[in-house]
Amino acid sequence: MDKAQLMANFATYNRDGITARTVRTALDRGEAAEGGLAPGLYCGVSSGTSGNRGLYIITEAERYRWLGTILAKGLPDVWRRRHRVAVILPQNSALYRAGNQSRWLKLAFFDLRQGPASWKEALADFDPTVIIAPPKILRWLAENADLGRLRPQRLFAGAETLDPPDRRIVEAAFSLRLGQIYMATEGLFAISCSQGRLHLTEDFVRFEFEPVGDQLVTPIVTDFSRHFQLTCRYRMNDLLRLGGRGCPCGSPLQVVDAVEGRQDDVFWFGDRMVTPDVLRNAVLDCSPSITDFRIQQRLDGSVDLRLPSTVEPAVQKSALAALEGALHTAVPVQRCTPDTNEQTEGPILVRLASWNLTPEQLLSHKLRRVERLRS
Ligand SMILES: [Zn+2]
């Protein structure tokens with residue numbers, strides 16, 4: 001099964017035969033309705049791109065188990081230290097509110113959709129010991145927050161691909177190692193250990209791996225912790241680079257070296273493909289001055305590279321050449337830059353496009369630096 005199949009036949013995948021329409025109606029009624037689906041049942045929606053949002057239903061017991069699992073794996077000292085956990089995500093969720101009901105743990109939710117300027121004071125006042133947020137928000141905090149007041153002890157990135165520049169900037173600003181939580185509507189699939197390595201949750205999820213070239217795999221998951229909604233041999237949309245077995249932390253669970261992006265965002269040229277990590281690395285390796293970028297494949301197959309205007313023109317050109325080189329390993333590449341607009345032989349067009357993203361757009365959209373456009 002995959003997300004499309006789940007959403008097309010939602011009622012057949014849960015015990016009570018609850019339809020997607022019923023869940024959407026409950027969510028549309030507002031947050032108060034989240035627990036109101038039925039006694040003991042909670043529903044939510046993924047923060048995915050619109051039109052491709054996944055729905056989920058969990059039970060009371062499942063949401064506490066989910067929280068307990070995150071705490072046990074991510075904050076092993078939670079039983080002897082009082083943590084204040086700040087969760088910054090696009091929507092509040094029944095999952096996170098479960099954590100707010102105990103004396104030994106304080107959990108505060110900050111709504112990504114309202115923009116960090118609206119809650120950055122409240123976040124500093126909350127004085128979190130742990131922050132869980134998408135990489136772009138952690139980076140925004142690293143570059144904009146008052147780090148004299150905001151002094152977390154643990155940081156976790158989730159909900160988006162973590163690219164190297166974000167990791168570098170966040171870790172330097174907070175003098176902390178950045179952990180990761182790999183979770184989705186479908187469940188909790190990996191979390192960083194005390195040694196900073198990302199371990200799959202093989203203790204309650206069965207993972208099968210489908211090879212996707214270049215030593216990447218797509219996981220197919222069967223989640224034994226879910227009893228109300230079935231997640232059985234569900235094909236995720238992510239590309240993982242698996243590490244070796246074994247870790248200094250002692251966990252035997254499979255290590256993931258990186259979540260490299262989404263399978264949806266593999267670039268296709270006829271029957272040949274280039275994975276997002278190859279394109280990202282080609283651009284980033286050009287210069288340390290590149291700390292943000294966008295690479296998009298359009299519907300006609302052509303590829304746009306966008307870099308912030310702060311990147312020197314010469315660096316922009318070499319990044320374009322590097323991107324071309326990376327694409328060339330898969331296909332013959334045709335080049336067209338704004339200054340020459342010349343096309344040469346070959347089926348693929350690669351061009352520098354303008355950086356037309358406003359700060360609001362950068363923060364409000366789910367970050368996908370490498371993206372295959374669909375419309
Ligand atoms: Zn470990």
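The tail of the calculated P(r) for the range 181-312, taken as Cα-Cα distances beyond 25 Å, holds 38 percent of the pairs.
Given that compact globular proteins tend to follow 2.2 N^0.38 Å, what is the ratio of the alpha-carbon Rg of the range 62-263 to that value? Don't skip to the answer; put the middle values down first.
Numbers: Rg = 16.6 Å, N = 202, 2.2 N^0.38 = 16.5 Å.
Ratio of Cα Rg to 2.2 N^0.38 Å: 1.01.
For the cross-link pairs LYS3/LYS106; LYS3/LYS120; LYS3/LYS366; LYS3/LYS317, the ones whose C-alpha atoms lie over 29 Å apart are LYS3/LYS106; LYS3/LYS120; LYS3/LYS317. Which one, LEU123, MET273, LEU299, is farthest towards the positive end of the dipole of the chain when Lys and Arg carry +1 and Asp and Glu -1 on their Cβ? It is LEU123. Partners of LYS73 within straight-line reach, counting aspartates and glutamates whose Cα lies under 12 Å from its Cα and excluding those fewer than 8 residues away in the same chain: ASP203. Its Cα centre serving as origin, the range 115-261 has a Cβ charge dipole (Lys and Arg +1, Asp and Glu -1) of approximately 240 debye.
Spin-label pair ARG272-ASP16: with each label point 7 Å from Cα along the Cα-Cβ axis, the two points sit 5.3 nm from one another.
Among 168-178, 359-369, how do they line up by average Cβ neighbours within 10 Å per residue, starting with the highest? Could you put the intermediate results ahead of the total?
Working: 168-178: 16.3, 359-369: 14.6.
Most protected by this proxy first, the peptides run 168-178, 359-369.
The distance from the alpha carbon centre of the range 125-163 to that of the range 167-194 is 10 Å, rounded to a whole number.
Report the FRET efficiency, 1/(1 + (r/R0)^6), for SER364 and GLU171, where r is their Cβ-Cβ distance and R0 is 25 Å, rounded to 0.05.
0.50
Note on LYS136: aspartates and glutamates with a C-alpha under 15 Å away, same-chain residues under 8 apart excluded, are ASP111, GLU160, ASP163, ASP166, GLU171, ASP292, GLU360.
With both labels modelled 7 Å from their Cα along Cα-to-Cβ, the ASP264 to ARG241 distance reads 2.3 nm. Calculation over all alpha carbon pairs of the chain in 20 angstrom steps from 0 returns a P(r) of 27, 58, 16, 0 percent.
Spin-label model, ALA4/ARG233: points 7 Å from Cα along the beta carbon direction are separated by 1.8 nm.
Output the peptides 114-122, 215-223 sorted from most to least packed, where packing is the average of other Cβ atoms within 10 Å over each peptide's residues. Numbers along the way, then the final one.
Working: 114-122: 13.9, 215-223: 18.7.
Sorting 114-122, 215-223 by mean packing, highest first, produces 215-223, 114-122.
With +1 on each Lys and Arg Cβ and -1 on each Asp and Glu Cβ, how big is the dipole of the chain about its Cα centre, in debye rounded to the nearest 20? Don't skip to the answer; put the middle values down first.
On the way: 47 positive and 43 negative charges, 232 e Å.
Result for the chain is approximately 1120 debye, rounded to the nearest 20.
Read-outs throughout are calculated quantities, based only on the coordinates presented, and are distinct from any laboratory measurement. This structure is a prediction, so every number in the text was calculated from the model and none was measured. Positions of Cβ are backbone-derived with ideal geometry, glycine not excepted, and every protein chain shown enters the neighbour counts.
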